[in-house]
Every structure is written in structure tokens, then in C-alpha cells.
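So the structure is just underneath, and the comments pick up after that.
Every number in this text was worked out from the coordinates using simple rules, so none of it is lab data. From a predicted model like this one, the values you see are computed outputs, not experimental measurements. So basically every Cβ, Gly included, is an ideal-geometry build from the backbone, and we count neighbours across all protein chains shown.
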Amino acid sequence: MSQPILRWVFVFLFSFYPLAVSAIPFGTYDPRSIAMGGAGVASGNSANAVFFNPSLLAQYTSRKHRARNSHYVFPVASLSVSKVAEDIADLVDSNPEQVLSDSIATYNANPNVITVEGVLTASRNLQNDLEPIANETVFFDGIVGMVIGIGDRREGGAFVISRRFVGDGIADQTAADKQLLADYIEGLDFIVSAGASGAPHPELFDVNGNLLDQTDNLTSTAIGRGLLLTELGIAMSWGVELFRNKIDVGFTPKFVQGTTYEYNGTLGNSQLETIARKENEDWQFTLDVGVSKAVNDQLKLGLVVKNIIPLDFSTKSGGSINIQPQLRAGVAYRSAKWGYWALDMDVLENKSIGGGDNTQYLSLGGEWRVKTWALRAGYKQNFVGRSDFSKGVFTVGTGYGFAGVSLDIAYIDSGPERAVSLQMSRRF
């Protein structure tokens, strides 16, 4: 790569580097990018460039009236949730703390081997339900929208309207709850085994020999915050000359309206469970800025800053959720023999909004064309994730096109994440 090209990359990159953090993940929005591990900053097309890098709208080699470079997309929809969210949903559905409370009442009404075994089983079930979610991150990210993308040689444009619901949180099993359940299990096992195993715990019983129901004293919690964003944006891109190199630049002015959500729940007391919602009625203005460079017919570079004007949304409790600029770089390589490959990297670490994991993703994906089919696969890695969120995630997807109409799908069931995405589009 020539020195002038490197110069414009580093000037643009480090001019924004002091912007240290942002509040939500960069995001993946459509089946093609999701299936390719989340990459799109250098590999997007007119169907999704408005989400990733608006400058890509001017990357086409032919004029729009000679080739069908443009896309009408409706709907584009995706939903991604953490595996822990499934465990929490199962926990809420089975209500194991209430089962434990009921089994204690049954034992006190008729103490015998069967009822004490019921309490022992209920205690173990609650313990087993809490362990998988203890101190694990819960996240969700979903979007539905419509895109009109016009791709052209040296210029392009797009319109997007979308709603995105994003948020995260954490489930915390306290040491006190863990110890209480261990004491129940030991004490009841001692009774069932006639002292052969377990340990006596007289503090669990009152003076009349009744087993104390302490489920109302459970203190394990789940907290989280979410943000529902409505966005209206118009992307514009042109080919320009910078540092004696021809590059493409793009801008997406956006108007954004947000509604915040706060969740707090305590396992032992449903009255402490609250969901607070606050709608921020005012529309806020921000801007995405992207640049890209076609080095040759095979290699393409991209760089984007999203939400260059920070956004701030107040919460019901008096706090705020803000979105700071997000910076991502990408490279794409096209080979007639090996297919289309893309690599993206978050330059900045994106902080969570609800106590969950921060994100800084490396995304790698490939696309292979087989007649009217597109086969896609990818991998992404969060470098700042904890526990399950430090694990890599594999992604897959496919697309089928006929007479200018395409149906694309993607699916993830790997590591900490479960995701599905669907898109209908028409080229014009």
C-alpha cells in the first residue's frame, strides 16, 4: 500500500481516537452482515451500506442506469439475544423459588420422608437454575427497518427508517443466597440420610421443629437497561481526491428519537421488580461519516465513525444513557477462486449501558456465490468480554435471488449468542 494511502487512513483514524467510549455495540443489522460475522464496513452494498459505511454507495464500477446497483429493502429484521436470556426466561416460567416455598409449607404441614425429599429437590432445582446465570451478562439487540439504497459510480445515496431495541444487564447470585441454598441442601440431606450425609443445620428450624421459609429473604438480583431507538437517515456519498488518491466519502445525517427502559428485580420479592420507561420525545440530530478506498479490483478498505455527534437520553430514575461516537475499520477482498472475504474491527471499546459486558469485536466472514445462491459464514470475537462473552461466535447464512428479488437469512447458535435475521429486497 502506498504511503499517501496510509497517510489518509491514519489521519482520519487518530483524529477521532480520543473519543474513548460509546454506550451501545456497533451492531449488526441485516442477514448478509450477520452471516459474515458482523463485517460490513468495507464489504457492504447498497442494501446495507447506510448501516455500516455510507461511502460504499459510490463504490460501484458502472452507472446506475446501466446496471441494477440499487436496492429496495423491506423488511430487514434481526434479533440477537444472549443464551443467558433463555435461562432467565426458563427461571421466570418455572418460578423455582415459589416451588421451594410451597414444598416447605407442605413439609411443615405433614413432615415425612416424601415431603422432606420434596424440599431437598426444590432446593437443588433452584440452585441449579441460578448457577448458569450467576454474574452472567444478558443482552438483546433487535432491529426492523426499510432501506432504499442507490448505488452508482462515484456517487450514491440511501434512505433508511428503522427501529432498534438494544440493551444489556447482569444477573447476580449473592453469596448469601448461595450459602442459604447450600445449607438447605445439607440440612435436608442429613435428615433424609438419617445422618449418613449432609450436616445438621438447626438454625433452619424454629422451636417447634418447623422448617423456616426464607425464600422471601433471597437477595439475588437482575438489573438491566434498554434503549428503543427510532432513526430516520439520508445517506450521501461521492468520489473525491484526497492526498492525491481517489477515495469515496459518505455522510448519513440522522434524526433519532429514543425511549429508555430500566429493569430491577429481586428473586425473593416480586414487589421489588420494576420496569421503568421514559420516552424522550425530542428528536436529536447526529451524523455518520465514512470513507472507503478501492485499492484495486480485489481489495477495498473502509473506515466509519457512527454517531459523531453524541446522543443523550434521560431515564426514569434521573440518570441518562448516552451514545458516544463509534469507530470501526474494515477490509474486503474479492477473489474469483476463493470468494468474497471481509474483516472488521472495532477501534474503540463500546461500554455497556446496563451493567453487562463491554464490546470490542473482531469480525471475519466470507461469501461464496453458487449460481443464484449466496452461501455465507463467519466468526466474531469480543476482546473485552467476560466469561462466556470472551468466547468466539460462529455465524452462518444464505441468500437466494431470482429476477432481481432476493431473500436472505442468517442464524447464530454459538457461544453466548442466539440470533436470527431475515431480509427481502429487490434490485432496481
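Here are some notes:
- Taking amide H as placed 1.01 Å from N in the peptide plane, residue 354 has its amide H under 5 Å from the amide H of 168, 225, each at least 5 places away in sequence or on another chain.
- In terms of surrounding Cβ atoms within a 10 Å radius of their Cβ, 315, 260 rank from fewest to most as 315, 260.
- Inter-part distance where region 355-428 and region 163-213 are each reduced to a Cα centre, Å: 42 Å
- Proxy reagent accessibility, fewest Cβ within 10 Å first, across 317, 103, 425: 317, 103, 425
- Over region 54-130, the Kirkwood radius and the radius of gyration, each from Cα atoms, give a ratio Rg/Rh of 1.61.
- Computed from label points 7 Å out along Cα-Cβ, the spacing between residue 193 and residue 287 is 7.1 nm.
- Of all stretches in the chain that contain no trypsin sites (Lys or Arg not before Pro) in a DSSP loop with at most 11 other Cβ atoms within 10 Å, the longest one is 67-243.
- C-alpha long axis of helix 3-16 to longest principal axis of the chain, angle in °: 40 degrees
- In percent, rounded to a whole number, the relative contact order of the chain is 23, using alpha-carbon pairs under 8 Å and six or more apart.
- Rounded tilt (10° steps) of 113-130 against the dominant C-alpha axis of the chain: 20 degrees
- Note on the chain: dipole from Cβ charges, positive end direction compared against 77, 291, 109; the farthest Cα belongs to 291.
- Distance (nanometres) between label positions extended 7 Å along Cα→Cβ at residue 135 and residue 212: 2.7 nm
- Rounded to two decimals, the Cα radius of gyration of region 296-346 over 2.2 N^0.38 Å is 1.82.
- Computed over region 207-359: relative contact order in percent, which uses C-alpha pairs under 8 Å that are six or more apart: 18 percent
- Ranked from largest, the principal axis spans of the Cα set of region 137-257 equal 85, 31, 21 Å.
- Dividing the summed helix terms, -39500 (n - 2.57) for each DSSP H run of n ≥ 4, by the number of residues in the chain produces a 222 nm estimate of -6000 deg cm²/dmol to the nearest 500.
- Rounded to 10°, Cα long-axis angle of helix 83-94 versus longest principal axis of the chain: 40 degrees
- Whole-angstrom Cα spans of region 239-381 along principal axes, big to small: 62, 35, 28
- nm² value of the averaged projected area, convex hull over the Cα atoms of the chain: 24.8 nm²
- Using a simple spin-label model with pseudo-atoms 7 Å out from Cα toward Cβ, residue 383 and residue 298 lie 2.7 nm apart.
- When 71, 201 are arranged by Cβ crowding within 10 Å, least crowded first, meaning fewest neighbours, the order is 201, 71.
- Residues of type lysines that residue 391 reaches as a straight line, Cα spacing below 25 Å, ignoring anything fewer than 8 places off in the same chain: 83, 351, 380
- Note on region 337-427: percent of Cα-Cα distances in each 10 Å bin, starting at 0 and stopping at the bin with the largest distance, equals 15, 38, 30, 14, 2.
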